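**Q** I have a structure here, written as structure tokens, and I will follow up with some questions on it.
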Amino acid sequence: MALFLSTYTNKVDKKGRVSVPAPFRSALSSQEFQGIIVFKSSKYDALEGFGMDRMMDMSERLDTFDMFSNEQDDLASLIFGEARQLPFDGDGRIILPSDLAEFCGITDQAAFVGLGKKFQVWAPSLLEDRLQSARRDVKDKGLTLPSQKG
């Protein structure tokens, strides 16, 4: 399973092409679909990003809801209905659709933020505010990782 680490800010060209960080591409290299899958975040002005393996996992987890329930339909609509498969070109770039770039305020740069098994794509100016907020919440709430199951 892919593991995404660190933060990379890359230039977006006039055609909407942006290079996916090499470590992210490497983490996805064993997957059948050579690209990334993104959809609009339901919490932030950012994109949620995954490899196909993680999308398959989320699909299976949706099966825990009653089929045709409002909860299942709502989550499936936002995750799968809005998901975009963005294949890598020969240079490791993707074309960021204009509606997704507009949603998260990306213009000439995109920041890819590794979050373990997923990543997010942000406008760099908005990312800094988000990181400060996360740092404040971790400190104020004394957040830490739960003990490993064992």
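Each value in this text was obtained by applying a stated rule to the coordinates, not by laboratory testing. Predicted, not measured: the structure shown is a model, and the values here were computed from it. Reconstructed Cβ throughout: ideal geometry from the backbone, glycine too, with neighbour counts over all protein chains shown.
Conditions (1) touching a Gly at 6+ places or on another chain (Cβ under 8 Å); (2) surrounded by 12 or more Cβ atoms within 10 Å (Cβ to Cβ), marked per residue:
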site	(1), (2)
A27	yes, yes
E32	no, no
F39	no, yes
D45	yes, yes
D57	no, yes
R61	no, no
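**Q** Can you list residue pairs whose Cβ atoms sit under 6 Å apart, with the first residue in region 57-86 being under 26 Å from S98 (Cβ atoms) and the second being outside any helix (DSSP H, G or I) and among the hydroxyl-bearing types (S, T, Y)? Count only pairs 6 or more apart in sequence or on different chains.
**A** Partner pairs satisfying both residue conditions: L78/S42.
**Q** S19 versus (1) under 17 Å from L86 (Cβ atoms); (2) loosely packed, with under 15 Cβ neighbours inside 10 Å: which is the lone unmet condition?
**A** (2)
**Q** Would you check which residues across region 110-132 are of a type in the set (S, T, N, Q), free of Cβ contacts under 8 Å to residues at least 24 places away in the same chain and surrounded by 11 or more Cβ atoms within 10 Å (Cβ to Cβ) and list them?
**A** Hit for region 110-132 is S125, nothing else.
**Q** Considering region 7-42 alone, what residues qualify as being within 18 Å of E102 (Cβ to Cβ) and assigned to a loop (DSSP other than H, G, I, E, B)?
**A** Answer for region 7-42, where residues must be within 18 Å of E102 (Cβ to Cβ) and assigned to a loop (DSSP other than H, G, I, E, B): D13, K14, K15, G16, S41, S42.
**Q** Checking L96 against (1) aliphatic (A, V, I, L, M); (2) out of contact with any Gly (no Cβ under 6 Å at 6 or more places or on another chain); (3) buried (at least 17 other Cβ atoms within 10 Å of the Cβ), which test does it fail?
**A** Only one criterion in (1) aliphatic (A, V, I, L, M); (2) out of contact with any Gly (no Cβ under 6 Å at 6 or more places or on another chain); (3) buried (at least 17 other Cβ atoms within 10 Å of the Cβ) is unmet by L96, namely (2).
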